[in-house]
Every structure is written in C-alpha cells, then in structure tokens.
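Colleague: Mind having a look at this structure? Questions to follow.
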Amino acid sequence: MSDEKEKPEENSEAEEVEVVEQKTPVRRFDPEALAQGTGEEREDDEAIYVDDMYGDWFLDYASYVILERAVPHADDGLKPVQRRILHSMRELEDGRYNKVANVIGNTMKYHPHGDASIGDAMIQLGQKDLLIDTQGNWGNLLTGDSSAAPRYIEARLTPFALEVVFSPKVTEWASSYDGRNKEPITFPVKFPLLLAQGAEGIAVGLSTKILPHNFNEILDAMIDALRKNPIDLLPDFHQGGIADCTDYNGGARGGRVRVRARMEKVKKHLLKITEIPFGTTTTSLIDSILSANDKGKIKVSKIEDNTAEFVEIMVHLPSTVSAEDSLPALYAFTDCEVSLAPNACVIQNNHPQFLSVNDLIKSSADLTRELLKKELEIKLGELQEKWHFSSLEKIFIEKRIYRDIEKEETWEGVIAAVEKGLKPYAKLFRRAITQDDILRLLEIKIKRISKYDSFRADEMIKGFEEEIKEVEGFLAQITRYAIRYLKDLKKKYGKGRERKTELCMDEAGELTPFDRIVASKVVVANETLYLNRKDGFAGYGLKKDEAIEKCSDMDDVLVIGKDGVMKVMKIADKMFVGKTPLRVAVFRRDDQKVYNMVYRDGQSGRLYAKKFKIGGVTRDKEYPLFKTHSRSRIFFFSIHDSEKKNSRVLVHLDPTLKRIKEMSIEFDFAWLELQGRSVKGSTLTAHKVDRVVNAPKAEGDEAEEAKPVPKNEKEKTAAPNSEKPKAPPAPAVTPAKPEKSNNDVPAKEAGKPKDQTTFDFKDN
C-alpha cells in the first residue's frame, strides 16, 4: 500500500513541473504570421526562427573567409594559399626549377579551393620578385599582360626565402584539411613580408590594403625599432612614380597617399611618361587619357606606347596646347595621378585587427628577435647534447668500462654495470646520466672502439665548448644579435633593391604635398552657356539662343531671379532658370564681383540699398536676397568687377506725392560698406518710389552691367546691353550725406551677419 500511495505523489509532482514549464513559453518569431500581416508572435516551439537558421551559418562563413582566405597573418605576412604554396615548394626543393603546374598539383594536397586560385596566387607572389625565382613568361606588372600557362613556366625558392622563411624546428604544425598531411600554422618568418610585398583582400564586412615598402628601408626601420628609435617608413612601389605621403598617417586606417606618373617634356607639344602610378598599367593609363580626351577635358592628338622593359608612353598634343598647360589636366582627369587609402587589417591572436605600419614593424622586430632566440636555444641544446655524449663516449672507451659488461648474463645486469662504471665521473657532466645515454653507449660498434682517437675526441669536445660559449654570448645579448642578423640580410640581399618611388619633398628635405589641382580650373572650356530669356531656360545645349560665356560640363551656374532669389545649379544641357532673370553666369568660388541692389521691402514699403558679394553657397539651395513678400521688388541691380567700382543712382519719387520739395534722391553705392548677401541694407527712403535709374555719368565713372528694373513688373527686365532708361528733367540735386538712424535696423537673425546701419536722407 505504501508503494501505491507513493506513485500518485510522484505523478502529481511531474504534473506540477509540466504546468510550470507551460506558464513560461518560449516566444519565437513567426514569419508566416508576418507574411499574413498579423504581426503576432507564436508561442509554438516548432515555429521557424530565422536567427537560429542563419545566424551561426553566417558567422561561421564570415570567420572562415576572414581567417582562412582574404586577410594575411601578422606573423608571417601570408594568406593561407600563399603559405601552402611556399610549403609545397619547400617540399619539392632540390635546387632546380619545377614546373608551376607540378607545384600547383602538389599544393592541392593542402589547399581545397582548386588549381585556379593556387595558380593566381603563385603568379602574384612570383611577380613581386622576393620569394620565388621565376623562369619563363610570368606576365608584366607594367603592361598588365598575363602570364603563360602553368605548364610553360617554372619556379623555385629564392635564397632569401630559404634563409628567412623556413625553420622547421620552430614551426608549429597542424593537420591538412583531409588529415593526410601536416602543414604549418604560420611560418617563422624573420622579416615583415607583409610590408615588403603589400597585401590586398576583401572579406565579409572588412577589407585590407597594405602598401608595399622598400626592402632596405624595412630592415633599417626594424633596426630602429630594436634600438627604440623613432620609425619613419614610407611606401615604395615597383612601378616608380612620385608620391605625396604627407597624409600617410603611418599607414594606419584613414591615411592617404597620392601617386603621380613621372612625365618628361620632350618637345613643346610632346610629353613622355616613363613611370606610372601604383595600381595602374600602361593600358589602363592610356585608356584613361583617351576617355578624358573624348569627354573634352583634355586635348590629345595621338598616343604611342613603346613600353618594353621600361615604361615609355608618348603623348602628342595639338599645336594649340603646350605641354606645361596639359600637365595639370592630365593629373586631374586621368590615372596619371591616383589616390591610395591604406587599411592595414591583419590576423593577430586569431582575430582581425587594424594596425599601423609602425605597429607592424615593431611587432615584426620583436618576433624576429624571439625566433632568433628560439633557434639559438635549440642550437645550444643540441651542442650541449653533443658535448655530453662525446664526453660519455670518451670515458666509456678510455676507462674501458665496456669490459665490465662481459661478465653480465642479463640485459639489466649490463645496464647496471655501465651505470656503476660511469658513477665516479658523474660530476664531470653538465646533467645527470640517463638510461637513454647508457643505451646509446651500448650501441657503439666494436670497430669504432678499436679505432677510437682520443686526441681527435678532445679537439671535438673543445670545439663544442667554444660553440656553446658563443651561443650563450648571443643569447645574453639577443638584441645585438638580431640587429647584426638584419644588417647581414641587408648586405646579402639589399643590392639592386634601391627605392624606386620618389618622395615629394621641399629643399629642406621635408615632406611636402602636391599642388592641389582644382579640376574646374584645368578643364578645357569646351562648351558655351546659352540663355533663353523669354522661356527661362539655360544650358550648353541651347545653341540657337543668346550666348553668355564659355564654360565646361563641370561648371556651376549662378542664377539670380527677378524675385531676388539666388541659386547655384550644376550646368546641364538644358535647365529652367526662371523667366527674365537678372543674372545668369558661370559661378566661380573665388569670384570677386560686387553686386549693387536697390529694392523695396514689401512689408514696410521702404526702399533699401545694399552692396554685397555672393560668398559660399550650397548647390541647389535657394538664397533670398531680401525677405520674401508679395509687394517686394527690385528697382535697380548692377555688377562690378571689384569694390573700387560702384554705381550712382537717382531715386525718383512718385509724382503724386505732395509737400515734398525734392522729388529725386541721388545715391552713391561707394558710401556703403561691402557686406554679406543676407544683410538688409541701408534705407534710402520711406516714400513711394516711381523708379530708380543710373545717375548722369561724371568723368571717370563706369557702370558695369547696370540693370535698372522697370516700374511695372509686366515690362521686361532690361538686358545687360540694353539701353538704360533716361531720367526726366529735374533740377540738379545735391546729395545729402547719410545720417545714422537706428529706426530701421531689423532684428538680428541667428547665424546671419549683423544688418548694416541704415541712413535717412534729408532735404537740402
């Protein structure tokens, strides 16, 4: 009965547990419900959860691409495919050339991504002329020509690669993808291959671009790093050229390098390109020049490509264009100048990290020192073992300990006899005598014992002692040893690896930037700006309308409408600018023109005068020159080349006004200070105005593009070259000097210049 009672209790507890679990269901995203527009979440555990399906897969794929394909390792500067190629070549190394096809086939034991990726990576390594000694047609970096098929070209490791890259005793190994072979995790490279060869790759969510540097300068920088001196390493390109490295920023992310082709003036209308920028070829460079010529940005009559071992591109210019004038345009619109953005992303500690060139140099210098230390420690251990066994052998033979084993009948007895014979000499050795040592002694052949030369053995032991002492000295001063090692590398392999890219420097030897070239200033003015005032259209495609001025397809157009709204637009074939505009012209950022304007404020009815410059603007943004109102209008508008030139106007009041002695007011814009376009201006009068015209010219007066605006808005605005309206006969007016008044000063607007102090004009 007791057993029967216990069972229901257990069941009830289980039921309670189940109830508790049902009260806290797992809420999951239901794509079916979302597709139906309900937007509800299901509580069914079997609902499809997108993150569960794809989250881990994507992360695994991204990690694989970053770690195993696209990004180089910081320690040896190699991507996995490059590392496997070098490992395969080391396996096949016998001093002779191997067919590249054979190397590719052997590498496929380690690399699971096919022969095409292996072949491409091997060609790139071979073209960098550092690790692989090539034979045959391996392509051309200058022209962009591809290499021959792998079965026609051969390769072997260079002496530099054999000395610097491989060291099996300190290499960490791992199983290949199929488990049949062993491959290195990283090579113990005692040189920053990453900085010498450069690297470029695109992974999931990040990319890397490391520029190449000079071989000898890298070694000098490593020596400076070991000596704790400042490091100043700048890129050097195989193609040569001239580099602006003022913004290099130590190769860190965010820096920039500008590289120009080297061009020589052969004749007045002939240029020769002898070096090309990094990342370009003679073919791509010529294509960019022809493209710029077709677009009208430069003018070229003919191009000849005579490139063989060295670059030689002859650029023939028209007789109307000189070589000096063409250089800025070639730099601005072609690949004769390129901009490079370094982005040093590497694998370090099994994670992608963004480092600078200085960081990589310091890391490589420290790693080289540690690798050399490990090699010395291994060598020291080997020498000590040789000394130990040679000393054991000498005592074993000279003291005739081998005779003690003749009486022993068992193997254990033999070992014990030898151990007993060596025991008195144990203090002479640097470590304890082990059973393995005894076994090695017992393997000595009788022939060797009979011909043993004691004098020769002493000399050998003495040599081991000298080598041990030397290695211990190196370990005690490992930094000096590493510096000497780097100097030896420079002496052995640095010849013929001088800098090829010229750095842009001033006379004092300091880095200086290229002269900044504004594209709009060097582009050829190959178009004409036309204006149709009646319909309100402008552009370089309106060939039958009024010609304004020469322009290019890169220019901006300034438009000032009769409503006082200013706008800057990108020039086009045809664009709407408004009917009867006051001003349509090519806009230049450094324009020094001065604008004179008389307008009526619609809200107050007052007449204002202002003198201003355009200043900085944003394209396609409207800028009102005065407050917008239905009764506001412009009475007078003129343009002058400089502040020294100004307009003089006559303001004619409305004839219907009574009790006013002077019906005309003379005003000179020279009385105003030059201000920004947003100022309200100075008050001319508060009375109703009939019209504003140019004042009679005095000697020496000039008015450029003066445009009196007619009284009636139905009348057409006078063109720049139209006849100016004549003022009616009026008595001579003596201009009154303006008096300051604070009555008409508007409230200060945020972010705008302070309004000009206004003036009231009194009767004489």
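The values are calculated or read from the model by the stated rules, or taken from the named source; none is laboratory data. All figures in this text were calculated on a predicted structure; none of them were measured in a lab. Cβ atoms come from the backbone with ideal geometry, glycine included; neighbour counts cover every protein chain shown.
Colleague: Please enumerate the residues belonging to the stretch 326-364 that are at pLDDT 90 or above, of a type in the set (A, V, I, L, M) and more than 13 Å from A261 (Cβ to Cβ).
Modeller: If the condition is that a residue be at pLDDT 90 or above, of a type in the set (A, V, I, L, M) and more than 13 Å from A261 (Cβ to Cβ), then L340, A341, V357, L360, I361 are the ones that fit.
Colleague: I want to confirm something. Restricting to the stretch 507-553 and keeping residues that are under 29 Å from S322 (Cα atoms) and of a type in the set (K, R), which single residue is modelled with the highest pLDDT?
Modeller: K550
Colleague: Pull out all pairs, ordered by first then second residue, where Cβ-Cβ is under 8 Å, the residues are six or more apart or on different chains, the first lies in the stretch 368-394 and is touching a residue at least 60 places away in the same chain (Cβ under 8 Å), and the second is acidic (D, E) and part of a helix (DSSP H, G or I).
Modeller: Listed by first residue and then by second, the contacts come to L380/E472; L383/E467; W387/E465; K394/D458.
Colleague: Go through the stretch 671-684 and report how many residues are loosely packed, with under 14 Cβ neighbours inside 10 Å and within 19 Å of A695 (Cβ to Cβ).
Modeller: 0
Colleague: Let me ask something additional. Could you list all residues from the stretch 615-639 that are of a type in the set (A, V, I, L, M), assigned to a loop (DSSP other than H, G, I, E, B) and buried (at least 21 other Cβ atoms within 10 Å of the Cβ)?
Modeller: Residue satisfying the conditions is L625 alone.
Colleague: With the condition being of a type outside the set (A, V, I, L, M, F, W, C), I'd like the strands (runs of 3 or more DSSP E) fully within the stretch 556-609 carrying at least 3 qualifying residues.
Modeller: Because the criterion is at least 3 residues that are of a type outside the set (A, V, I, L, M, F, W, C), the strands (runs of 3 or more DSSP E) in the stretch 556-609 that meet it are 594-600.
Colleague: Just to check your reading of the model, which residue among R480, R431 is basic (K, R) and touching a His at 6+ places or on another chain (Cβ under 9 Å)?
Modeller: Answer to the check: R431.
Colleague: How do the strands (runs of 3 or more DSSP E) wholly within the stretch 165-212 filter down when requiring 2 or more residues that are closer than 22 Å to I66 by Cα and aliphatic (A, V, I, L, M): which remain?
Modeller: 199-202
Colleague: Got at least one residue in the stretch 328-339 being assigned to a helix (DSSP H, G or I), touching a residue at least 24 places away in the same chain (Cβ under 8 Å) and more than 30 Å from G139 (Cα to Cα)?
Modeller: Yes, the stretch 328-339 contains at least one residue that is assigned to a helix (DSSP H, G or I), touching a residue at least 24 places away in the same chain (Cβ under 8 Å) and more than 30 Å from G139 (Cα to Cα).
Colleague: Give me a count of the residues in the stretch 640-688 that are touching a residue at least 24 places away in the same chain (Cβ under 8 Å) and either hydroxyl-bearing (S, T, Y) or part of a loop (DSSP other than H, G, I, E, B) (or both).
Modeller: Within the stretch 640-688, residues that are touching a residue at least 24 places away in the same chain (Cβ under 8 Å) and either hydroxyl-bearing (S, T, Y) or part of a loop (DSSP other than H, G, I, E, B) (or both) number 30.
Colleague: Tell me the residue from K399, K386, K394 that is surrounded by 14 or more Cβ atoms within 10 Å (Cβ to Cβ), under 60 Å from the mean Cα position of the chain (by Cα) and not hydrophobic (A, V, I, L, M, F, W, C), please.
Modeller: Of the residues listed, the single one that is surrounded by 14 or more Cβ atoms within 10 Å (Cβ to Cβ), under 60 Å from the mean Cα position of the chain (by Cα) and not hydrophobic (A, V, I, L, M, F, W, C) is K386.
Colleague: Go over the candidates A196, A221, A203 one by one and state the one that is farther than 27 Å from G494 by Cβ and of a type in the set (A, V, I, L, M, F, W, C).
Modeller: Of the residues listed, the single one that is farther than 27 Å from G494 by Cβ and of a type in the set (A, V, I, L, M, F, W, C) is A203.
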